[in-house]
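The values are calculated or read from the model by the stated rules, or taken from the named source; none is laboratory data. If you're wondering where the values come from, they're calculated on a predicted model, not measured in any experiment. Backbone-built Cβ (ideal geometry, glycine too); neighbour counts: all protein chains shown.
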Amino acid sequence: MSNHVKAQSSITIDASQNITNFKFVNSTGEQDKKYNANYSGGYSLGYKYAMDNGLFFPVKIGMRKAGATYVYDNTNYSWELQYTEARLGLGYNYKFDKLGAHISATGYFGYMLKANQSLNNEDFDIRSSGIINTSDYGVFISPGANFQANDFINVYLDLNYMLGLANLETDETQKSNNTLYGASLGVAFLIK
């Protein structure tokens with residue numbers, strides 16, 4: 001006799017409110033902590049395969065904005081980046097009747113669609129200039145909670161931490177990475 005692990009598939013839709021920043025290390029190896037965060041958003045469409053033992057496997061595609069601000073010698077610098085990205089991960093959900101608590105680790109790969117830098121009142125397209133890499137990759141760590149509204153709909157809230165592992169600079173003597181703290185509110189539609 002074999003044991004069969006039951007599974008549940010769902011389609012997910014979520015929107016995020018994020019606080020993004022850069023982790024910047026200069027050519028002498030010192031981290032500059034004077035960068036200020038930007039507030040931005042994101043959204044995604046996904047698929048989640050969840051097993052009865054609590055393990056789940058999320059896959060997502062979506063859009064997200066990133067960036068930071070910086071003031072140096074009375075000059076205001078501002079970066080606004082936009083990525084389309086794909087995510088693949090692993091998580092665990094513990095159910096308490098209709099409520100659940102979960103955590104997931106998700107790798108992502110992002111492709112930059114837009115990158116603007118503002119110096120005071122002048123805007124520059126730094127994506128086309130070649131001074132910034134157009135791809136980014138890293139990891140999301142997302143603890144959260146979910147509520148089973150009925151047999152077909154789950155509502156969830158994720159608290160997200162993201163660390164970009166790719167250098168944004170094409171100049172390899174400096175290192176800058178995307179960072180993010182945020183919250184995602186989403187709906188999962190169960191496939192029966």
**Test: Ser135 is under 23 Å from Lys48 (Cα atoms), of a type in the set (Gly, Ala, Ser) and modelled with pLDDT of 95 or more** = no
**Request:** Any chance you could count how many residues in the stretch 15-57 are over 12 Å from Gly182 (Cβ atoms) and among the aliphatic types (A, V, I, L, M)?
**Result:** 5
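Only residues that are among the polar types (S, T, N, Q), touching a Phe, Trp or Tyr at 6+ places or on another chain (Cβ under 9 Å) and assigned to a strand (DSSP E or B): list them for the stretch 110-156, please. Steps first, please.
As a first pass, look at the stretch 110-156 and keep what is among the polar types (S, T, N, Q): 116-118, 120-121, 128-129, 133-135, 142, 146, 148, 150, 154.
Right, trim to touching a Phe, Trp or Tyr at 6+ places or on another chain (Cβ under 9 Å) and you get 116-118, 120, 134-135, 142, 146, 154.
The answer is Asn116, Gln117, Ser118, Ser135, Ser142, Asn146, Asn154.
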**Prompt:** In the stretch 16-35, is there at least one residue being in a strand (DSSP E or B) and among the small types (Gly, Ala, Ser)?
**Reply:** yes
**Complete:** Asp52 passes all but one of the listed conditions (1) under 30 Å from Thr173 (Cβ atoms); (2) at pLDDT below 95; the exception is number (1)
**Request:** For the stretch 68-83, enumerate the residues that are surrounded by fewer than 21 Cβ atoms within 10 Å (Cβ to Cβ) and closer than 20 Å to Ser128 by Cβ.
**Result:** Tyr77, Ser78, Glu80, Gln82
**Message:** Can you tell me which residue is farthest from the chain's Cα centre (by Cα) among those in the stretch 40-58 that are surrounded by 15 or more Cβ atoms within 10 Å (Cβ to Cβ) and of a type outside the set (Gly, Ala, Ser)?
**Reply:** Phe56
**Asked** Can you tell me which residues in the stretch 55-78 are modelled with pLDDT under 95 and touching a Gly at 6+ places or on another chain (Cβ under 9 Å)?
**Response** Ser78
**Message:** Just to be sure before I move on: is Tyr108 more than 18 Å from Thr170 (Cβ to Cβ), touching a Gly at 6+ places or on another chain (Cβ under 9 Å), loosely packed, with under 13 Cβ neighbours inside 10 Å and at pLDDT 95 or above in the structure I sent?
**Reply:** no
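Could you run through the stretch 64-84 and say how many residues are part of a strand (DSSP E or B), free of Cβ contacts under 8 Å to residues at least 40 places away in the same chain and not polar (S, T, N, Q)? Steps first, answer last, please.
Step one: of the stretch 64-84, the residues part of a strand (DSSP E or B) are 64-72, 75-84.
Narrowing further to those that are free of Cβ contacts under 8 Å to residues at least 40 places away in the same chain: 69-72, 82, 84.
Those left that are additionally not polar (S, T, N, Q): 70-72.
Adding up the residues that qualify gives 3.
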